[in-house]
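The values are calculated or read from the model by the stated rules, or taken from the named source; none is laboratory data. Please read all numbers here as calculations on a predicted model, not as lab measurements. All Cβ positions, glycine included, derive from the backbone under ideal geometry; neighbour counts span all protein chains shown. We work out accessible area using only protein heavy atoms, side chains counted, and drop any ligands, DNA or RNA first. Shrake-Rupley method; radii C 1.70, N 1.55, O 1.52, S 1.80 Å.
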Amino acid sequence: MRSIDEVHKGEVIVLNLEDDSFLEPNGSLNVPIAFENDSLVVFNKPSGMPVHPSIRHQGDTLGNYFSYLYPELTFRSVNRLDRDTSGLCVIAKDAHAAKQLQGCCEKVYYAAVHGAIPESGTIDAPIARERESIILRCVREDGQRAVTHFKRLMMNDKYSLAEIHLETGRTHQIRVHFAHIGSPLAGDDLYGGLRDDIPRQALHCGKMSFREPLTGEPVNVSAELPKDIQRLFSR
């Protein structure tokens, strides 16, 4: 049946949700599950683990661990985190759930940034690709509009802890925006942060909310700030 075909009273529609694309399973990995039901699973991804396999990462990704846990399912990541960003990552268990969740997950991030930032604020600055790099992004007038809202939760003599809500979702948006205002993320040497106290960008996806794909019921998931970021404020 095609999407334009008419359906008449009494007819039965059967959805085929069988999957046919799989990744190599890796049971030696261990990623905590923050929430799970028949439609999806939300992992609390550790830093240092890519979400998807790549040339340099063939068997050590979240996708490989998912394939170990659910050998009959295709890996469908709804949100993507950088390798060194920790926190919540939702994986749909079938195509219908993936479609329903796409673009509908509200996320809250937490970042330790250098220096003192205002109690709250909005960074509205367009982001573009650095002309000489396929990885780096920068703030530039001809870039795509990018808006980041933040609130300062705590501060010490070196760092501020920011709670972050994204209005847009550009590549490296949080990292680029805080570097742009002179407060790069701790550990983020790609954008000017220092690794004196943490060996990775201090960024964590700590809260996520969405509606369950089948029932429409609201779901709220949270993941505690990891210890390496907590230690930056324990002195």
The range 196-235 pair-distance distribution - Cα-Cα, 5 Å bins, rounded %: 6, 18, 21, 15, 11, 9, 9, 7, 3, 1
Straight-distance crosslink candidates among lysines, where the alpha carbon sits under 29 Å from K107 and sequence neighbours closer than 8 are dropped: K45, K93, K99, K151, K158, K207, K227
Percent accessible area from carbon and sulfur atoms, the chain, protein chains only, probe 1.4 Å: 48 percent
For the range 127-139, 3J(HN,Hα) per residue [Karplus equation, 6.51 cos²θ - 1.76 cosθ + 1.60, θ = phi - 60°, Hz, x = Gly/Pro]: 10, 9, 6, 4, 4, 9, 9, 8, 10, 5, 10, 8, 7
log10 of Debye I(q)/I(0), alpha-carbon scatterers only, for the range 145-218 at 0.12 Å⁻¹: -0.40
Descending principal axes extents, the range 31-82, alpha-carbon based, whole Å: 32, 23, 17
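If the viscosity is 1.002 mPa s and the temperature 20 °C, what translational diffusion coefficient in µm²/s does Stokes-Einstein give for the range 77-124 when Rh comes from Kirkwood over Cα pairs? Could you put the intermediate results ahead of the total?
Details: Rh = 13.5 Å.
Estimated via Stokes-Einstein, D reaches 159 µm²/s.
Determine the sum of side-chain charges near T171: Lys and Arg each +1, Asp and Glu each -1, restricted to other residues whose C-beta is under 13 angstrom from that of T171. Display every interim value, and only then the final one.
Values: positive: R80, R129, R137, R170, R175; negative: D82, E130.
So the environment of T171 carries a net charge of +3.
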Protection proxy ranking, peptides 104-116, 211-223, average beta carbon neighbours within 10 Å, highest first: 104-116, 211-223
Global form of the range 102-235, assessed from the alpha-carbon gyration tensor, a/c cut-off 1.5: oblate
Whole-number Å³ per residue for the convex hull built on Cα positions in the range 99-156: 143 Å³
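How big is the charge dipole of the chain about its Cα centre, in debye rounded to the nearest 20, if each Lys and Arg gets +1 on its Cβ and each Asp and Glu gets -1 on its Cβ? Please list the in-between numbers first.
Values: 27 positive and 32 negative charges, 146 e Å.
For this selection, approximately 700 debye.
State in Å² the accessible area per residue of the chain; use a 1.4 Å probe, count heavy atoms of protein chains only, and round to the nearest integer. Working shown, then result.
Values: 13150 Å² over 235 residues.
So the chain comes to 56 Å² accessible per residue, rounded to a whole number.
May I have the convex hull volume per residue, in Å³, for the Cα set of the range 22-147? Walk me through the numbers on the way to the answer.
Numbers: hull volume 19.8 nm³, N = 126.
Hull volume over Cα atoms, normalised by residue count, gives 157 Å³.
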Over the chain: Rg over Rh, Cα atoms, Kirkwood Rh: 1.02
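Per DSSP H run of at least 4 residues, take -39500 (n - 2.57); add these up for the chain, divide by its residues and hand me the 222 nm value, nearest 500 deg cm²/dmol. Mind dumping the intermediate values first?
Values: 4 runs with 27 residues, N = 235.
Result for the chain, helices only: -3000 deg cm²/dmol.
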Radius of gyration, Dmax [the range 85-181; alpha carbons; angstrom]: 15.3, 48
